[in-house]
Structures are given as C-alpha cells and as structure tokens.
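The values are calculated or read from the model by the stated rules, or taken from the named source; none is laboratory data. As the structure is a prediction and not an experimental result, all values here were calculated from the model. Here the Cβ is made from the backbone with ideal geometry for all residues, glycine too, and neighbour counts use every protein chain on show. For accessibility, only protein heavy atoms count, side chains too; no ligands or nucleic acids. Shrake-Rupley method; radii C 1.70, N 1.55, O 1.52, S 1.80 Å.
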Amino acid sequence: MTMAFKLIFMGLCLVSFLYSNAQQSGTECLQANAKSCGECIQAGPNCGWCTKVDFLQEGELTSARCDDLAALKSKGCPEDDIQNPRGSKEKLKDNPITNKTEGKPMNSSNITQIRPQQLHFELRPGEPQTINITFRRAEDYPIDLYYLMDLSFSMKDDLENVKSLGTALMEEMKNITSDFRIGFGSFVEKTVMPYISTAPAKLINPCTAEQNCTSPFSYKNVLSLTSNASLFNELVGKQQISGNLDSPEGGFDAIMQVAVCGEHIKWRNVTRLLVFSTDAGFHFAGDGRLGGIVLPNDGKCHMEDNKYTMSHYYDYPSIAHLVQKLTENNIQTIFAVSEEFQPLYKELKNLVPKSAVGTLSSNSSNVIQLIIDSYNSLSSELFLENSKLPEGVTINYKSFCKNGVIGTGENGRKCSNISIGDQVEFEISVTAHKCPKKNETNSIKIKPLGFNEEVEIRLEFICECDCQESGTPDSPECHYGNGTFECGACRCNEGRIGKECECSTQQVGSEDMDAQCRKEDSSEICSNNGDCICGQCVCKKRENPKEFYSGKYCECDNFNCDRFNGLICGGNGICSCRKCKCFPNFSGSACDCSEDISTCMASNGQLCNGRGECVCGRCKCKDPKFHGQKCETFQTTLGVCVEYKECVECRAFHKGEKQEWCDTQCAHFNLTMVDSRDDLPQPGQEDALTHKVCKEKDVDDCWFHYTYSINSSSEVHVHVVRDPECPSGPDIVPIVAGVVAAIVLIGLAFLLIWKLLMIIHDRREFAKFEKEKMNAKWDAGENPIYKSAVTTVVNPKYKGK
C-alpha cells in the first residue's frame with residue numbers, strides 16, 4: 001500500500017511539472033492575441049487552436065483558444081478539437097547520379113551530378129523543413145573553354161605563343177575529359193576619346209608607322225567554341241595587335257558579352273571556363289563618363305558580325321553586374337594576368353565567385369599549365385548558392401565533406417578538395433517566419449556554382465486552418481449573422497466586436513452596458529480586473545502569461561492562493577478562483593497537508609508507535625513525554641539520565657539520597673548489571689524504540705555508566721556497569737620533585753640571563769671608550785703635563801758681544 005501511494009504521488013508531481021512547462025512554452029501563443037485559427041498557427045510551430053464551442057470560460061477572450069498543445073489538453077480541449085496543421089516535404093524529381101559507362105563518352109544533356117532535382121515543401125511559420133542533397137563530381141565531364149585575350153600593343157609577344165594554344169591545350173585536356181571545346185575572342189578598348197586616338201590615321205593604324213597594327217575595337221568573337229584545334233590555331237594566327245592610349249583596358253565590356261551572348265559563343269550546359277588574359281588593369285562602371293558615355297550597361301547581348309557594336313553607347317559594367325551575369329550563366333573565370341597586376345586581380349577574385357588568378361609569364365609561355373592548375377583549383381571546390389528567397393523565408397546549410405569534415409553557417413555551403421568521383425552531402429533547412437502577403441506558391445533554386453544543374457524547391461505556405469474552409473459566413477451563431485462562424489468561434493464583420501459579434505464599435509462605452517459588468521452592491525466594473533465590452537467583462541492580461549483573471553466579473557484569478565514552501569498551493573494543487581484545488585492525497589488551504597500515512601508508520605507496524613495520531617504526514621504524540629517523527633523518543637523536563645540517576649545509584653550500588661525509599665520509588669524499571677562498558681547494549685542490538693547512554697557522578701564523586709531504553713511494549717530497561725570509575729589520590733613524590741626541579745631551573749635561568757646582560761653592557765662600554773679615543777683631537781705633545789719646566793728666551797738685539 002505504501003509503494004502505491006508513493007507511485008501516485010510521483011505521478012502527480014510529474015503531471016504538475018509537465019503542466020508548468022506547457023504553460024511556459026505556450027507564452028508565445030498567448031502573447032500573439034490571435035483572433036482566428038490562421039493567426040494562431042502563424043504565432044509559432046507549437047501553437048494550436050481549440051475548436052470546441054464551449055471551451056472558453058467566462059471572461060476569457062477568443063484568443064485564449066490559442067495555446068500550447070499540452071496546455072490546451074490540460075484545460076479540457078479534446079485532441080480531436082485541436083487544429084494543429086504540420087508542414088511536409090515531398091520529392092517531385094529524384095533521378096540517380098550518373099555513372100560513367102566504360103568506353104562510352106558522357107552525354108552532357110543526360111549527366112546528373114546532384115540529387116534530388118525537384119522538391120515540394122509545405123511550410124508552417126516557425127517550423128523548418130529539412131532535406132539532404134547529394135553531389136558527386138562526374139568523371140569525364142565535358143568542358144567548354146573560351147580564351148579572351150587583350151590585343152593591345154603590350155601583348156604583342158604573348159600573341160605569338162597563343163597562336164599554337166589550341167592544339168597543345170587540346171592534348172593536355174584529354175587527361176581530364178574526352179569532350180573538350182575551345183573558342184577565342186579579343187578586346188582592346190572603347191572606340192572613343194580619350195581611350196583611343198580618333199585621328200583618322202590612328203583609327204586605321206593606332207601604332208607607330210613602323211608597326212602594322214589593326215584598327216582598334218572593343219570586343220570581337222574570333223572563334224566560337226569548337227573541338228577543331230587546327231581551326232583555332234589558324235584563326236588565332238591571323239590576329240593582329242591593336243593599340244589604345246590609356247593603360248586600363250575595356251575587358252569588362254568583353255566579359256559581359258561573352259557571358260550573355262550564349263548563341264554567338266555557343267556555350268553548352270557543361271563546365272564553362274573563361275580565360276581572361278591581359279597585362280593591364282580594367283575600366284569599370286563610371287569610367288565611361290570620361291568619353292561622354294552615361295548610360296549604364298544593360299547587360300544584354302549586342303553582337304553583330306561577331307563584334308560588340310554598342311561600346312560607344314553603354315558604360316562599362318560594374319563588378320556586381322558582371323558577377324551576376326557570370327553566376328547566372330555558370331561561367332567560371334580564370335584571370336591570367338602579369339605579375340605586376342596580381343594584387344589587383346586577386347582583390348577582384350574575392351568578389352567574383354568561382355574564379356581563380358594565375359601569373360602569366362611575360363610572353364604567355366606558361367598559359368597552358370596556368371589553365372590546367374586553375375581548372376583543378378576551381379573544380380575541387382563546391383559552393384552552393386540559392387536564388388533570392390521569398391520574404392520571411394530563411395535557409396540554413398550544413399555540409400558533410402570528405403574525411404568527416406562538417407561545416408555550418410557560411411562554411412556549410414561549401415566543400416573543398418573534391419576529386420572526381422567524390423560524393424558529398426548537404427543538409428538544407430528552409431524556415432518560413434511569416435506568411436507572404438499573397439498565399440501563392442514560391443520557389444527556391446539551389447545550385448552549385450559553375451555547374452548548370454540545380455535543385456528546385458517549390459514552396460507552399462500553411463497560413464490557414466482546415467476548419468476555416470468549412471466556416472459559415474453571416475452565421476446566426478454570430479448575433480444575427482454579424483460574423484463568420486469558423487473553428488468554434490466567430491470572426492466578426494467589420495464594425496462588430498464581442499465573442500458573438502453582438503456589439504457594434506459605437507456601443508462600447510454606453511452606461512447601460514457598464515451596469516451589466518458590475519457585481520450586485522459593487523461599484524467596481526469587472527472587479528477592476530477587466531474592461532466592459534458589449535456588456536461583458538473581458539479580463540485584463542497579466543505580464544506573466546501563466547497568470548490570468550477569470551469569472552463573469554473577472555473576480556477570480558489563479559495566482560492569489562495560499563502558498564507553501566514558496567509555491568502556489570504548495571505545488572500540490574491548482575489555484576482556481578483564489579482557492580486551492582488539491583491533488584489526491586493532499587489537503588489544506590495551501591495543499592500543504594499530505595494524507596499519506598506511510599511516513600508515520602513505525603518499524604513495529606504501529607501508527608506513531610501507538611502513542612499518537614498521523615496529521616499531515618507527521619505524528620502528533622498524545623503523551624508530551626514522547627516526541628520524534630514517530631513518537632519514539634521519551635523525554636522529561638530534566639532529561640532521562642538526570643531523572644534516573646538517583647534510582648540507578650540506590651538499586652545498583654545501594655547508596656545515594658533515595659537509599660531509604662529505593663524499594664518504593666525506584667521499582668518501575670528492569671535493572672541489569674554488566675561487567676564493563678563494552679557490555680552495554682548498543683543502538684539497534686535490541687528491540688528498543690528509545691536508547692540513551694548516560695554517565696553520572698555518585699555521592700563519592702565516582703562516575704558510573706548505564707543505558708536507558710524503552711521497547712515496543714513500553715517497558716524500561718536499565719543496564720549498569722558494575723564497577724564505578726573512582727578518582728585515585730595524588731602521587732606526592734613526583735609532585736615535590738617537580739617543584740624543586742622547577743625552582744632550581746628557574747634560578748639558573750635568571751643567573752644566565754643576568755650574566756648575559758652584564759657581558760653585553762661591558763662590551764658596549766668598551767666600544768664607546770674606543771670610539772672616543774679615536775676621535776680625540778689632542779695628543780701627548782700638547783698635554784702640559786709632559787712639557788719641561790725650563791723656558792729659554794733669546795733677546796733679538798743681542799749680538800753675542
């Protein structure tokens with residue numbers, strides 16, 4: 001029975017804990033103040049709407065139907081009446097990744113390197129949908145390479161090496177792919193001042209008279225992409241150098257036309273490489289104003305007879321515009337530039353995705369190795385990019401690359417060191433944070449940069465509940481048709497308010513309606529805890545969403561109940577209308593009284609050892625001499641040891657103050673004599689509810705030891721050590737000898753101290769004497785004691801006559 005009570009108690013605590021957590025997690029749902037099911041499910045992924053018609057209590061707003069799922073169930077809403085639509089995902093197209101067939105070339109139109117290819121997501125605001133995308137770099141993947149070269153005069157020696165580029169590059173690329181095509185284009189500069197000289201002679205030959213140069217031009221497509229290497233060598237061999245005035249070149253015009261004029265260049269849906277070869281810097285947007293060109297570049301193809309015809313009309317493209325077109329057309333750029341301009345083009349590389357920079361030798365002799373190295377560098381790194389996201393939609397990436405490398409955030413978009421045949425995965429999570437203005441299908445396209453393949457994700461947003469479709473417009477449930485009855489509540493027409501749309505916005509402040517919001521004999525409207533709307537109290541909301549007012553007049557709340565241990569209703573009940581409704585096995589105004597009697601059961605099976613009653617899980621002893629959790633301890637005013645001292649002394653040793661009345665006053669306990677203290681009973685050795693160890697003095701100042709115990713039959717047992725511990729007399733000889741020795745030692749100590757002080761004093765006096773002697777200013781010659789008594793005087797006038 002005791003174990004059953006414990007299990008019930010633990011279960012109730014768990015229910016209370018879960019209910020508390022559910023209220024906390026439902027905060028965002030309550031704060032949304034949702035007026036309809038659609039608004040509710042957009043408040044958060046854990047918000048549900050109760051469609052049960054009689055779900056709301058008096059004073060509660062319609063928004064109280066929107067809450068956390070667990071909170072709705074705890075408030076009595078059946079699971080079948082809770083609207084909680086969930087998002088979903090579906091693969092519309094999932095072709096397997098292509099494997100190369102031995103001995104057969106790859107068909108570029110049928111190559112698949114990424115899967116799945118098409119998805120459909122149903123997104124509920126706040127709930128992410130996650131899918132894994134797999135990519136494997138195909139073997140023998142076709143490559144189109146377009147060589148775009150600066151033909152200004154400074155590139156004259158480079159042109160000679162490029163003339164044989166086609167055949168040599170074709171041989172090298174056979175090690176990478178069996179399907180390779182190459183094309184060639186050239187550029188110089190816009191044909192207006194101050195970029196070139198517009199003098200008639202210079203328009204024919206911009207170089208000096210000794211040099212035969214071709215007329216200046218902006219960009220021309222010399223050879224569209226072809227697999228005929230000999231034709232490449234032939235046409236490039238016919239090219240001539242041109243010239244211009246300033247150092248920067250018009251290469252950006254040429255790159256833009258190469259990117260957007262796919263029909264002229266004849267790009268295929270394969271790997272597209274653009275090699276940009278120059279030994280100078282570049283003009284970009286805004287520089288065209290020097291030549292009177294103010295129209296921004298339109299990013300369109302303007303090619304006639306394979307020449308760019310609008311260079312004098314449109315400005316140079318900006319870097320951002322160029323990046324956009326290169327990315328849209330899956331073109332990877334290799335900047336083959338001289339060492340002098342390496343820093344400039346490395347900065348440009350940081351702005352252009354899927355690009356590389358190589359150092360071009362002074363005569364372009366290393367161009368083939370530069371192209372091979374740059375291609376390997378570009379193809380070994382995979383970077384995913386997505387199209388513009390619909391408003392309110394975010395996307396997160398997580399990469400699973402080679403050797404167990406995992407990337408998150410921006411690093412989750414890419415994988416490095418990918419070789420042919422390597423497979424990597426990306427985890428894509430799409431989350432809608434709000435519904436779009438128009439509930440229409442949107443899409444996101446995700447593709448690896450430099451590849452023509454992509455993953456399309458079609459998006460559909462869950463912004464309404466299914467029950468709204470079956471709503472009844474102008475329903476009689478909504479006060480004579482003043483609203484649409486849907487999802488168990490009324491959605492009022494414009495100008496109407498109230499739970500049942502029973503009031504117009506013009507009637508809200510009338511005094512007649514305020515009277516319906518007062519209790520009898522009370523002047524307070526809605527108990528000062530709410531507002532009177534349409535003759536009904538709408539209770540105010542608290543800052544803490546777990547606390548709320550309720551009742552017809554908002555007279556009730558769930559936070560003003562009695563507390564125990566700092567908890568409302570002691571955590572053992574629910575506060576309802578300022579009174580605690582206790583869980584089973586608890587009672588009291590604060591549910592602080594446990595009705596579980598297992599805590600009062602003694603080891604002998606009796607309730608409170610038969611000496612009391614169990615009140616709120618604790619024993620209340622009837623006899624004041626007994627106390628303790630189970631009335632197991634006997635205690636008097638003086639204490640057990642003091643109270644039994646005289647009786648033990650007279651019965652065990654036949655002496656003491658009660659010796660004459662021992663038989664009459666001290667016969668209420670059983671006495672047992674033992675030989676030593678080790679023989680005294682220890683706690684737990686006998687069936688004793690109370691055990692006390694005592695040590696007292698008798699009339700002879702001897703200590704005697706005994707134990708006091710009470711068994712389950714309330715019998716008192718006293719065990720006494722047979723021989724008391726009496727103090728022995730002092731030993732005179734050691735005391736006298738010690739005193740004499742102490743006197744002698746103290747005398748010797750004083751003598752030694754006196755002698756030491758005298759030695760120190762004498763040494764100080766002698767040192768003082770020596771110091772004064774050294775400082776004396778007279779000697780023996782000046783002392784009158786040592787002078788002769790005879791004085792000889794000589795007359796200075798005496799001449800010895």
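Numbers below:
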item	result
Anchor Lys695: lysines whose Cα lies under 16 Å away (excluding residues fewer than 8 positions away in-chain)	Lys645
Rounded accessible area of Trp754 (nearest 10 Å², 1.4 Å probe)	150
Rounded to 10°, Cα long-axis angle of helix 732-774 versus longest principal axis of the chain	60
Accessible heavy-atom area order of Ser676, Ser227, highest first, probe of 1.4 Å	Ser227, Ser676
Along principal axes, Cα extents of segment 407-561, largest first, whole Å	88, 42, 22
Calculated FRET efficiency for the pair Phe559/Val642, C-beta based, R₀ 60 Å, to 0.05	0.70
Inter-site label distance for Ser603 and Asn493 at 7 Å from Cα along Cβ, in nm	8.2
Overall Cα dimensions of segment 639-681 - principal axes, largest extent first, Å	31, 22, 16
Cα-based convex hull, segment 234-369, per residue volume (Å³, whole number)	133
Residue-averaged [θ]222 nm for the chain, counting only DSSP H segments that reach four residues, each worth -39500 (n - 2.57)	-7000 deg cm²/dmol
Subset of Lys190/Lys349; Lys35/Lys581; Lys266/Lys445; Lys349/Lys398; Lys202/Lys307 violating a 22 Å alpha-carbon distance limit	Lys190/Lys349; Lys35/Lys581; Lys266/Lys445; Lys349/Lys398
Accessible-area order (highest first, 1.4 angstrom probe) of the listed residues Ser178, Ser355, Ser603	Ser603, Ser178, Ser355
Descending semi-axes in whole angstrom, ellipsoid equivalent of segment 189-291, from the Cα gyration tensor	27, 19, 11
In degrees, nearest ten, helix 2-25 long axis to first principal axis of the chain (Cα)	40
Rounded percent of accessible protein surface that carbon and sulfur make up, the chain, 1.4 Å probe	51
Virtual spin-label span in nm between His433 and Asp521, 7 Å along Cα→Cβ	5.6
Nearest-20 debye value, the chain charge dipole, Cβ charges on Lys, Arg, Asp, Glu	3160
Extent along principal axes [Cα atoms of segment 323-419; Å; largest to smallest]	52, 34, 22
Cα-based Rg / Dmax (Å) for segment 30-151	26.0, 86
Two-site label geometry, Lys546 and Thr394: point separation in nm, points 7 Å out along Cα→Cβ	2.7
Difference of contour (0.36 nm per residue) and Cα-Cα distance, Lys581 to Glu79	178.3 nm
Rounded Å value of the spacing that divides the Cα centres of segment 574-626 and segment 289-344	89
Å² per residue, accessible surface of segment 85-214 at 1.4 Å	44
Potential lengthening between Thr309 and Leu751 on full extension [0.36 nm per residue; Cα-Cα distance subtracted]	146.5 nm
Percent breakdown of C-alpha pair distances by 5 Å bin, ordered from the shortest bin, for segment 540-654	2, 11, 13, 12, 11, 10, 9, 7, 6, 6, 5, 3, 2, 1, 1, 1, 0
Over segment 318-357, volume per residue of the alpha carbon convex hull, in Å³	56
Using alpha-carbon coordinates, inclination of helix 640-653 to the longest axis of the chain, degrees	40
Residue order for Met673, Met170 - accessible surface, 1.4 angstrom probe, largest first	Met673, Met170
Leu235 accessible area, 1.4 Å probe, all protein chains in place, Å² to nearest 10	50
Separation of alpha-carbon centers, segment 217-232 and segment 381-420, rounded to whole Å	36
Area of Tyr549 that stays accessible when all protein chains are in place (1.4 Å probe, Å², to 10)	40
Value of Rg to Rh for segment 105-195 (Rh from inverse mean 1/r over Cα pairs, i.e. Kirkwood)	1.24
Å² of accessible area per residue within segment 270-340, as computed with a 1.4 Å probe and no ligands counted	42
Taking the convex hull of Cα positions in the chain, its mean projected area over all directions (nm²)	104.8
Residue-normalised accessible area of segment 695-756, given per residue in Å² at a 1.4 Å probe	67
